[in-house]
Amino acid sequence: MTAYIGIWIDRRKAHIVTLQRRLPAEYDYKQEFKTIASDVEPRVRLSGGSRTRNTPWGPQDIAVDGKSAARRKQQLKQYFGDIIPKIAFADRIIIMGPGQTKNQLRKEIEKSKDLAAKVALVETVDKLTARQIAAQVRDYFDIHQFTEISRPTV
């Protein structure tokens, strides 16, 4: 069986396009589309703060951000933990997305030696519709004959 996977990811959700073909009986690929939502909290910009007596016009946005950063890091780790088992069977993987989350996912994938060698491309791509994501994955792997198992609903 041949399996190619394309992932479009940001901090809110990941779209996974799977293209599979069983050899030699089937000639066209079966395309499956999944969406995984994350529970990662958005970054909050705090307003207000406090001034010191010595500098009345000093910094106003002083906030302890360590706890929320640690919480977001743990949430990202859990988010990646939900994604990686769904792509473990792939022969080749491409990762796309607008921000740094795609690079963080690649680093998490590289912790597994078997999966690390399968990452073919990490590319910066702006927001795309579900059908555009699927088309870009098919174009990269040069697949023209396919059957949709699950249609993108996002």
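The values are calculated or read from the model by the stated rules, or taken from the named source; none is laboratory data. Here the structure is a predicted model, which means the values were calculated and not measured. Every residue, glycine among them, receives a Cβ derived from its backbone with ideal geometry; neighbour counts consider all protein chains shown.
Name the residue that is surrounded by the fewest Cβ atoms within 10 Å (Cβ to Cβ), counting only residues in the range 117-129 that are among the β-branched types (Val, Ile, Thr) and touching a helix residue (DSSP H, G or I) at 6+ places or on another chain (Cβ under 8 Å). Spell out how you get there, then give the answer.
Step one: list which residues in the range 117-129 are among the β-branched types (Val, Ile, Thr), which gives 119, 122, 124-125, 129.
Subset that is touching a helix residue (DSSP H, G or I) at 6+ places or on another chain (Cβ under 8 Å): 119, 122, 124-125.
Numbers: Val119: 19, Val122: 16, Thr124: 11, Val125: 15.
Per the stated criteria, the residue is Thr124.
Among the numbered criteria (1) more than 25 Å from Lys73 (Cα to Cα); (2) assigned to a loop (DSSP other than H, G, I, E, B), which single criterion is violated by Arg131?
Exception for Arg131: condition (2).
Can you tell me which residues in the range 86-102 are free of Cβ contacts under 8 Å to residues at least 60 places away in the same chain and closer than 17 Å to Lys13 by Cβ?
Within the range 86-102, just Gln100 meets the criteria.
Give the residue, chosen from Asp114, Asp91, that is exposed (fewer than 12 other Cβ atoms within 10 Å of the Cβ) and closer than 22 Å to Gln20 by Cα.
Values: Asp91 fails: exposed (fewer than 12 other Cβ atoms within 10 Å of the Cβ).
Of Asp114, Asp91, the one residue that is exposed (fewer than 12 other Cβ atoms within 10 Å of the Cβ) and closer than 22 Å to Gln20 by Cα is Asp114.
If you take the residues in the range 23-71 that are surrounded by 10 or more Cβ atoms within 10 Å (Cβ to Cβ), under 30 Å from Ala135 (Cβ atoms) and more than 26 Å from the chain's Cα centre (by Cα), which one is modelled with the highest pLDDT?
Asp28
Does Ile109 satisfy the criteria of being touching a residue at least 60 places away in the same chain (Cβ under 8 Å), out of contact with any Gly (no Cβ under 9 Å at 6 or more places or on another chain) and β-branched (Val, Ile, Thr)? I'd like the intermediate steps shown before the answer.
Values: touching a residue at least 60 places away in the same chain (Cβ under 8 Å): no; out of contact with any Gly (no Cβ under 9 Å at 6 or more places or on another chain): yes; β-branched (Val, Ile, Thr): yes.
Answer is no for this residue.
So, in the range 130-140, how many residues would count as being surrounded by 12 or more Cβ atoms within 10 Å (Cβ to Cβ) and free of Cβ contacts under 8 Å to residues at least 40 places away in the same chain? Full working, then the answer.
In the first step, residues of the range 130-140 are kept if they are surrounded by 12 or more Cβ atoms within 10 Å (Cβ to Cβ); the result is 130-138, 140.
Next cut, free of Cβ contacts under 8 Å to residues at least 40 places away in the same chain only: 131-132, 135.
Total satisfying the criteria: 3.
Which residues, taken from the range 2-24, are more than 22 Å from Glu41 (Cβ to Cβ) and either in a strand (DSSP E or B) or among the hydroxyl-bearing types (Ser, Thr, Tyr) (or both)?
From the range 2-24, those more than 22 Å from Glu41 (Cβ to Cβ) are 2-6, 16-24; that's our starting set.
Once the filter is applied, which keeps residues that are more than 22 Å from Glu41 (Cβ to Cβ) and either in a strand (DSSP E or B) or among the hydroxyl-bearing types (Ser, Thr, Tyr) (or both), the range 2-24 yields Thr2, Ala3, Tyr4, Ile5, Gly6, Ile16, Val17, Thr18, Leu19, Gln20, Arg21.
Determine whether the range 111-126 contains at least one residue that is part of a helix (DSSP H, G or I), within 12 Å of the chain's Cα centre (by Cα) and more than 22 Å from Glu32 (Cα to Cα).
First, pick out the residues of the range 111-126 that are part of a helix (DSSP H, G or I): 113-116.
Cutting the leftovers down to within 12 Å of the chain's Cα centre (by Cα) gives us none.
Among the residues of the range 111-126, not one is part of a helix (DSSP H, G or I), within 12 Å of the chain's Cα centre (by Cα) and more than 22 Å from Glu32 (Cα to Cα), which makes the answer no.
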